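Enquirer: Have a look at this one before I ask anything.
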Amino acid sequence: MRFRRLRSWAVMAAAMTAAFGALTPAAHAETSPEGANDWNCKPSFLHPRPVVLVHGTFENMAFNWQKLSPALKKAGYCVYALNYGGPKDGPIQGIGDIPTSAGELSAFVDKVIASTGSAKVDMVGHSQGGMMPRYYLKFLGGAAKVGKLIGVVPSNHGTNMSGLVELGSLLGITQAVVKAAPAAGQQIVGSDFLKKLNEGGDTVPGPSYIVLSTKYDEVVTPHTSEFLNGSNAQNVLLQDKCANDTNAHVGIAFDPVMIKFVLNSLDVWGPYWPIDCGNPLG
């Protein structure tokens, strides 16, 4: 039964990858999502910090942010998105060594700051994209350049994939995946990377950390591993606010409730809640 489950999961992942490539414009990872990477944009009084969007593992900016990016632009933000951890112009990104990817993020943030004249940026990341920036904040000087880090189902303490990691190890599958995609192995519970990242505390002084989790997450498991400890961290379970929202790990990137949550969380003038669960974007 377990073998059939793993085999089914692998087939589904392959199908999703094929569909993902078809959905991505021209299958080019370098295509920016709508609203992002206008290098002439200047932040406004109401939205003083540009927003940097950081995609997840096996994704790219065009696919991951096709809903959130235009919503942020419409709300008046200067929005920027990057690809990292993958071959240039390849549809599959976010698979390379995570510290190396954090260095790519660091260079991108410096470019955004130089272009906009802002002292700091805010960040929104999905999955690995909500966790990897923490390495940048902790080890690469990013804490001085980031106001808020909003993690949407971030892999902050790793995943056991509901037991599939252990089963995959027994069958010799996990090792093959890790060899092809180092970032996947670094996000397994107990990895050397995660031990280093979380040693001495989940957060560093300066930035605010906000985590949005869903109890239906089937990728980062258990979902509570997404939460952060720290006086400057705020953890929110989606179903505590919108009980009927059943979005899981991938679907949450397209969830209007998530979009409204991010808009409220970025707003320096108001609280991140309440949200009308039935009509979140009005």
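The values are calculated or read from the model by the stated rules, or taken from the named source; none is laboratory data. Keep in mind that this is a model prediction, so the values were computed, not measured. Neighbour counts run over all protein chains shown; Cβ positions are idealised from the backbone, glycine included. Note: accessible area is taken over every heavy atom of the protein model, side chains too, but ligands, DNA and RNA are not part of it. Shrake-Rupley method; radii C 1.70, N 1.55, O 1.52, S 1.80 Å.
Enquirer: List every residue pair whose Cβ atoms sit under 8 Å apart, with the two residues 6 or more apart in sequence or on different chains, where the first one lies in the stretch 245-267 and is over 17 Å from residue 155 (Cβ atoms) and free of Cβ contacts under 8 Å to residues at least 60 places away in the same chain and the second, anywhere, is open to solvent by 10 Å² or more (accessible area, probe 1.4 Å) and of a type in the set (Val, Ile, Thr).
Expert: Every condition considered, the pairs that remain are 257/275; 260/275; 261/275; 264/275.
Enquirer: Any chance you could count how many residues in the stretch 251-282 are open to solvent by less than 50 Å² (accessible area, probe 1.4 Å), hydrophobic (A, V, I, L, M, F, W, C) and closer than 22 Å to residue 129 by Cα?
Expert: So the count comes out to 9.
Enquirer: Let me ask another. Residues that are of a type in the set (Ser, Thr, Tyr), over 30 Å from residue 114 (Cβ atoms) and modelled with pLDDT under 95: does the stretch 171-189 have at least one?
Expert: Yes; the residues of the stretch 171-189 include at least one that is of a type in the set (Ser, Thr, Tyr), over 30 Å from residue 114 (Cβ atoms) and modelled with pLDDT under 95.
Residues are listed down the side, and each one gets a yes or a no for (1) at pLDDT below 95; (2) surrounded by 11 or more Cβ atoms within 10 Å (Cβ to Cβ); (3) out of contact with any Phe, Trp or Tyr (no Cβ under 7 Å at 6 or more places or on another chain):
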site: 15; (1), (2), (3): yes, no, yes
site: 23; (1), (2), (3): yes, yes, no
site: 28; (1), (2), (3): yes, yes, yes
site: 37; (1), (2), (3): no, yes, no
site: 45; (1), (2), (3): yes, no, yes
site: 51; (1), (2), (3): no, yes, no
site: 54; (1), (2), (3): no, yes, yes
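Enquirer: Right, next: Residues to consider are 101, 69, 106; find the one that is closer than 21 Å to residue 137 by Cβ and open to solvent by less than 10 Å² (accessible area, probe 1.4 Å).
Expert: So the residue among 101, 69, 106 that is closer than 21 Å to residue 137 by Cβ and open to solvent by less than 10 Å² (accessible area, probe 1.4 Å) is 101.
Enquirer: Check whether at least one residue in the stretch 207-215 is open to solvent by 50 Å² or more (accessible area, probe 1.4 Å), closer than 25 Å to residue 64 by Cβ, among the β-branched types (Val, Ile, Thr) and within 20 Å of the chain's Cα centre (by Cα), and report yes or no.
Expert: No.
Enquirer: Would you mind stating whether residue 272 is under 26 Å from residue 138 (Cα atoms), modelled with pLDDT under 95, not in a helix (DSSP H, G or I) and not hydrophobic (A, V, I, L, M, F, W, C)?
Expert: yes
Enquirer: Follow-up question, since we're still on this one. Limited to the stretch 179-190, what total is found for residues that are within 21 Å of residue 84 (Cα to Cα) and open to solvent by less than 50 Å² (accessible area, probe 1.4 Å)?
Expert: Final tally of qualifying residues: 7.
Enquirer: Next question, about the same structure. Tell me yes or no: at least one residue of the stretch 180-197 is farther than 26 Å from residue 72 by Cα, assigned to a loop (DSSP other than H, G, I, E, B), touching a helix residue (DSSP H, G or I) at 6+ places or on another chain (Cβ under 8 Å) and of a type outside the set (Ser, Thr, Tyr).
Expert: The answer is yes, given that some residue of the stretch 180-197 is farther than 26 Å from residue 72 by Cα, assigned to a loop (DSSP other than H, G, I, E, B), touching a helix residue (DSSP H, G or I) at 6+ places or on another chain (Cβ under 8 Å) and of a type outside the set (Ser, Thr, Tyr).
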